[in-house]
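To start, the structure under review is shown below, and the notes come after it.
The values are calculated or read from the model by the stated rules, or taken from the named source; none is laboratory data. Model, not experiment: these values are computed from the prediction. No Cβ is skipped: glycine too gets one built from the backbone with ideal geometry, and neighbour counts run over all protein chains shown. The accessibility values were calculated without ligands, DNA or RNA, using every heavy atom of the protein model including side chains. Shrake-Rupley method; radii C 1.70, N 1.55, O 1.52, S 1.80 Å.
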Amino acid sequence: MGFEGIGASVRRKEDSRFLNGRGNYTDDINRPGQLHAYVKRSDRAHATIGGIDISAAAKAPGVVAVFTGADLAKEEIGGLPCGWQIHNKDGSPMAEPPHPVLAVGKVRHVGDPIAVVIAETKQQAKDAAELLSIGYTDLPAAASLAAALAPGAPTVHDEVAGNICYDWQIGDKAVVDGVFAGAHKVVRLDLMNNRLIPNAMEPRAAIGDYDVNSGEYTLYTTSQNPHVIRLLMGAFVLHIPENKLRVVAPDVGGGFGSKIYHYAEEAIVTWASAKVRRPVKWTAERTESFISDAHGRDHVSVAEMAVDAQGKFLGLRVSTQANMGAYLSTFAPCVPTYLYATLLAGCYTTPVIYCEVKAVFTNTVPVDAYRGAGRPEAAFLLERLVDAVALDTGIDRVELRRRNFIPVDAFPYQTPVALAYDSGDYQTTLRVALKNADWDGFEARRTAAKARGKLRGIGISTYLEACGIAPSAVAGSLGARAGLYEVANIRVHPTGSVTVFTGSHSHGQGHETTFAQLVVDQLGVPLDQIDVVHGDTAKIPFGMGTYGSRSLAVGGSAMVKAMDKIIAKGKKIAAHLMEASVEDIEFANNTFTVAGTDKSKTLTDISLAAYVPHNYPIEELEPGLDETAFYDPKNFTFPGGCHIGEVEIDPETGVVQVVNFTAVDDVGRVINPMIVEGQVQGGIAQGIGQALLEAAVYDENGQLMSGSMMDYTMPRADNLPNIHVATENTMCTHNPLGSKGCGEVGAIGSPPAVINAICDALKEYGVRHMNMPATSGKIWSIINAGPSKMAAE
Amino acid sequence: MYDFAYQKPASLADAVKALGADSEAKALAGGMTYIPVLKQRLAKPSTIVDLSGLGLTGITVTGGTVTIGAMTTHVAVANSAAVKAAIPALAALAGGIGDEAVRHRGTIGGSIANNDPAADYPAAALALGATIKTDRRSIKADDFFTGLFSTALEQGEIVTAVEFPVAAKAAYEKFRNPASRYAIVGVFVAQTSAGARVAVTGAGQGGVFRHTAMEAALAGNFSAAAIKGVTTSPADLNGDIHASSEYRAHLVGVIAGRAVAKAG
């Protein structure tokens, strides 16, 4: 047993069960007497429903029950709530139309749930669902931002005129306009951020299990945040108090944001299990996931930078349209506002920024946070715009960035868009990345590639993000309807082993290892005597879950605070046992020592005394060694860094291959370097996927054209280069670990690095910008148009 | 999938009888296309007649002909020393179909009988001038592939083997759909005793087709340079979210050129 504490690349404790097929995922769970639900979904993008004839389905073999929206309405089941409220420019609240669990009167996107059939087997439920007769009357669809904003567009919700959910702004437009009026140069870019389908490896699943005797409901679900689901579903949808509702999120096979939200199927199976008095299971099929999991991104923006003659950024002006889909998913409204526009300073000293965002309803699947959530949109816009500034001013793109970086001595740094950065060193991450990528040797590689008939390009992205969300009061003032602290309970057992109960939820991040390493470091307990428990509201005091790269910075900090309490209590017990003053007790390496003496007690001595309190300060101290801490972060954390992509394009076919990728990130304190590297690599894989391959494509009628793996291109191993990952860390100054977060940096920093490289490779064709994904067909069109023509894409 | 009856006949005659007796019955070879179709409830056969018990596997090379039993898997063709020696391009093609799992289940007979417009084997069969043997007759590849997912096979007719004449030169190149990895454009070129033949899969609205302009250009000069200027009209080609018909038309030229160069 070597070094296992903070900084050790300990192998992941959880991988043995995952790699051996012994994980316990929701679909692996089967409850006695369990029935199966099949959700009948709309195959129309927009239609009224005159009526639903369930009679044939209800009589089909094995069918136990068929429920529609009318059944839920009769019992006053609420709609799915939205967890974040945004206000318009004029101060009025956003439009928040109902989001029924099962459609009532109208369907608004392909995949909108209409009815649920519950039967003895899944096959029977599916067979019976084909017998449902649904009286659709088709309506014209608004299947894109442009279609929904066009004059006379179909209205997705009758009560939302013009399909505008909100029209929000940040910054002082008049001031920014004034800066632009006097600027040396204004550089403008029109860009899109492509719509993505998350595609976690494990499709969503849910089991509702109602206990007739206790009146307690249990929901097993594929969630990143079981307590949040308990709160949302219990309080707003099904009206079940917390003491009667247990939510279990067991092993979860990837989330990337898509499993944050409270989905209709969770409410359906929970409610239905009480109606039919038997457990009810639903598991999504992959095709179903494409049209029922929240999608990501989908922005159209105009971005303008005002610069002086030296290329200093004077002001940034951005106008963005964000597609919300047909309904507001749980956290959708905050993504294109507070997780996006507040990031538009990036790592630059741009003194004034104005951004306005129109959020728009369309007849498409709801759009919400997906790995990076708002920050990839900001980073893509900004890092593309900076390259456009370099092109238009003739200033070298690296030099331009250096001139505009927030200097290392300027922290804490208040940006003009609300955020205050605590730490960072952008010159260093840039310098190391340039070195690791052999930036200076690139022109030779370009020349060599040309000799092989290939167009080679290199691109840089010096991104910044904000994660570790978030100070509850700040989030609340910005519209969050929840707190964003995290909870940890540390239980030191009588014989000294430790169980950590955390409100964070691991769905691939390796928490069981990283969090255990925090305990190794702080309490000196060996790794194999530490277990991490998560994902069950019956076991964990409370929790806000895992998203926004918050688990270590917020959840880990809660553990540190709880362990501080353990040590403080342990010192009192140790002082009693060793007849010393508490002030003289020191704790290190699992041992309490009386300072300046050789008297000591191990943590196990202390825990044993705490649980067998024969010789114990019982008048002053409760027995036991079990402490809980709620940690509310003081600020966001601000990882950043430099990503460099290098591509080769086959000019005959337009195919792009990313041949080198170099990341140097500042993620704060690293607990497990191997896990950090894996997280960054995975994020970059998804970022390269977004840049080159992935696109959710709807036709004008609102049918999803990329509705399966046959047409939606997930990145695969052969699409990816060897990814060179390194970190150059500055510590977060406001949490006890100094950690910032690493889960999303890859997906945030990499897309602009790839697109910048492609634009560089195609510079002789006059390419100023290219929207994602940079497919071979798009690139061939540019090449086919010939050199130096200014191609739009 | 919907319920169906399942039969696994032990003789070709029984299989033909089972399929002939019921127009809703469907033959199953490797199932690499048909089972996903069933799982998506896109087909509702009365009976599945499994052809795996008919002894239709095996590869023989005699007198300038490679004969591959209809139920021979792609991996068997890809790994066959005899095929590699006689028509290396055919072995290479088989080794590039789908993924490892598909290659272990999928069969040549299933592939050509299904005639997916993006499948690989139809291009090889057409370019090499193969003969498709069935329970009742022999059909020239030129007559076999009649359109999207359609062939000259009669109801209940079972492919038993495919005979490929050995070509002097041959090669297959494909440009894959980035998502499905099927061919967006696949081109099989062959210098055969009947002259140069070029078959294109993935691109045509009617499925696999022979590129006669390229064949003419290659007739006197089997080299990539010979077809450099030969264009392909996008009019009869597919266009979808992955590739426009114009892009496909361009790719036909590029991929054909690469195939010819590879054929040497």
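For this structure, a couple of remarks:
- Selection within segment A:715-730: residues that are touching a helix residue (DSSP H, G or I) at 6+ places or on another chain (Cβ under 6 Å) and either over 16 Å from A:SER750 (Cα atoms) or within 14 Å of another protein chain (Cβ to nearest Cβ) (or both). The member of this set that is surrounded by the most Cβ atoms within 10 Å (Cβ to Cβ) is A:PRO715.
- When A:VAL676 is tested against (1) within 14 Å of chain B (Cβ to nearest Cβ); (2) open to solvent by 10 Å² or more (accessible area, probe 1.4 Å), exactly one condition is not met: (1).
- Residue in segment B:78-87 that is at negative phi, assigned to a strand (DSSP E or B) and open to solvent by 10 Å² or more (accessible area, probe 1.4 Å) present: no
- Residue match in segment A:18-30 (condition: in contact with a helix residue (DSSP H, G or I) (Cβ under 6 Å, 6 or more places away or on another chain) and assigned to a strand (DSSP E or B)): no
- Considering segment B:174-202, the residues that are of a type in the set (D, E, K, R) and within 11 Å of chain A (Cβ to nearest Cβ) include one that is nearest to B:VAL252 (Cα to Cα), namely B:ARG176.
- Condition check for A:ASP711: at pLDDT 95 or above, more than 30 Å from A:PRO787 (Cβ to Cβ) and either more than 14 Å from chain B (Cβ to nearest Cβ) or within 23 Å of the chain's Cα centre (by Cα) (or both): no
- Candidates A:PRO412, A:PRO376, A:PRO351, A:PRO407: the one that is touching a Pro at 6+ places or on another chain (Cβ under 8 Å), open to solvent by 20 Å² or more (accessible area, probe 1.4 Å) and at pLDDT 95 or above is A:PRO351.
- Test: residue in segment B:57-67 that is in contact (Cβ under 8 Å) with a residue 40 or more places away in the chain, within 19 Å of B:GLU154 (Cα to Cα) and away from every other protein chain (no Cβ under 14 Å): no
- Segment B:214-228 - residue that is assigned to a loop (DSSP other than H, G, I, E, B) and away from chain A (no Cβ under 12 Å) and, of those, surrounded by the most Cβ atoms within 10 Å (Cβ to Cβ): B:PHE222
- Candidate set: segment B:229-255, residues that are within 8 Å of chain A (Cβ to nearest Cβ), assigned to a loop (DSSP other than H, G, I, E, B) and over 14 Å from B:ALA183 (Cβ atoms); chosen: the one most open to solvent (accessible area, probe 1.4 Å): B:ILE241
Here's the yes/no breakdown for (1) within 12 Å of chain B (Cβ to nearest Cβ); (2) in contact (Cβ under 8 Å) with a residue 40 or more places away in the chain; (3) touching a Gly at 6+ places or on another chain (Cβ under 9 Å):
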| position | (1), (2), (3) |
| --- | --- |
| A:GLU744 | no, yes, yes |
| A:ALA747 | no, yes, yes |
| A:ALA757 | no, yes, yes |
| A:ASP760 | no, yes, yes |
| A:GLY766 | no, no, no |
| A:GLY777 | yes, yes, yes |
| A:ASN784 | yes, no, yes |
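- Of note, A:THR602 satisfies the criterion of being open to solvent by 40 Å² or more (accessible area, probe 1.4 Å) and farther than 30 Å from A:LYS259 by Cβ.
- Unique match (being touching a Ser or Thr at 6+ places or on another chain (Cβ under 6 Å) and of a type in the set (A, V, I, L, M)) among A:LEU484, A:LEU518: A:LEU484
- Scanning segment A:415-447 for residues that are open to solvent by 50 Å² or more (accessible area, probe 1.4 Å), outside any loop (DSSP other than H, G, I, E, B) and either of a type in the set (A, V, I, L, M, F, W, C) or touching a Phe, Trp or Tyr at 6+ places or on another chain (Cβ under 9 Å) (or both) gives A:GLN427, A:ALA444.
Condition check ((1) touching a residue at least 60 places away in the same chain (Cβ under 8 Å); (2) outside the structural domain of A:ALA753 (by TED's automatic domain parsing)) across all residues:
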site: A:TYR463; (1), (2): yes, no
site: A:GLY479; (1), (2): yes, yes
site: A:VAL500; (1), (2): no, yes
site: A:SER504; (1), (2): no, yes
site: A:HIS507; (1), (2): yes, yes
site: A:THR514; (1), (2): yes, yes
site: A:VAL533; (1), (2): no, yes
site: A:PRO541; (1), (2): yes, yes
site: A:ARG550; (1), (2): yes, yes
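- So B:ALA261, is it open to solvent by 20 Å² or more (accessible area, probe 1.4 Å) and more than 11 Å from chain A (Cβ to nearest Cβ): yes
- Evaluating A:VAL670 against the criteria (1) open to solvent by 20 Å² or more (accessible area, probe 1.4 Å); (2) among the β-branched types (Val, Ile, Thr); (3) within 14 Å of another protein chain (Cβ to nearest Cβ) leaves one unmet condition, (3).
Residue-by-condition table, conditions (1) within 14 Å of chain B (Cβ to nearest Cβ); (2) open to solvent by 20 Å² or more (accessible area, probe 1.4 Å); (3) assigned to a loop (DSSP other than H, G, I, E, B); (4) among the hydroxyl-bearing types (Ser, Thr, Tyr):
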residue: A:ALA58; (1), (2), (3), (4): no, yes, no, no
residue: A:PRO61; (1), (2), (3), (4): yes, yes, yes, no
residue: A:VAL64; (1), (2), (3), (4): no, yes, no, no
residue: A:ALA73; (1), (2), (3), (4): no, yes, no, no
residue: A:ILE118; (1), (2), (3), (4): no, no, no, no
residue: A:ALA125; (1), (2), (3), (4): yes, no, no, no
residue: A:GLY135; (1), (2), (3), (4): no, yes, no, no
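- Listing of strands (runs of 3 or more DSSP E) fully contained in segment A:449-556 that carry 3 or more residues being open to solvent by less than 10 Å² (accessible area, probe 1.4 Å) and either of a type in the set (Lys, Arg) or farther than 23 Å from A:GLY257 by Cα (or both): A:455-464, A:486-492
- Residue satisfying all of: in segment A:98-108; part of a loop (DSSP other than H, G, I, E, B) and either open to solvent by less than 10 Å² (accessible area, probe 1.4 Å) or within 14 Å of another protein chain (Cβ to nearest Cβ) (or both); nearest to A:ASN163 (Cα to Cα) among these: A:ALA103
- Evaluation of A:ALA609 against the conditions (1) outside any strand (DSSP E or B); (2) open to solvent by 50 Å² or more (accessible area, probe 1.4 Å) shows that the sole unmet condition is (2).
- Selected residue (criterion: surrounded by the most Cβ atoms within 10 Å (Cβ to Cβ)) from residues of segment A:1-54 that are in contact with a Lys or Arg (Cβ under 6 Å, 6 or more places away or on another chain) and either free of Cβ contacts under 8 Å to residues at least 12 places away in the same chain or of a type in the set (Gly, Ala, Ser) (or both): A:GLY23
- Any pair with Cβ under 7 angstrom, 6 or more apart, that starts in segment B:19-43 at a residue that is within 17 Å of B:TYR2 (Cβ to Cβ) and ends at one that is outside any loop (DSSP other than H, G, I, E, B) and acidic (Asp, Glu): B:LEU28/B:ASP50
- Residue in segment A:323-332 that is surrounded by 24 or more Cβ atoms within 10 Å (Cβ to Cβ), outside the structural domain of A:HIS87 (by TED's automatic domain parsing), at pLDDT 95 or above and more than 30 Å from A:VAL107 (Cβ to Cβ) present: no
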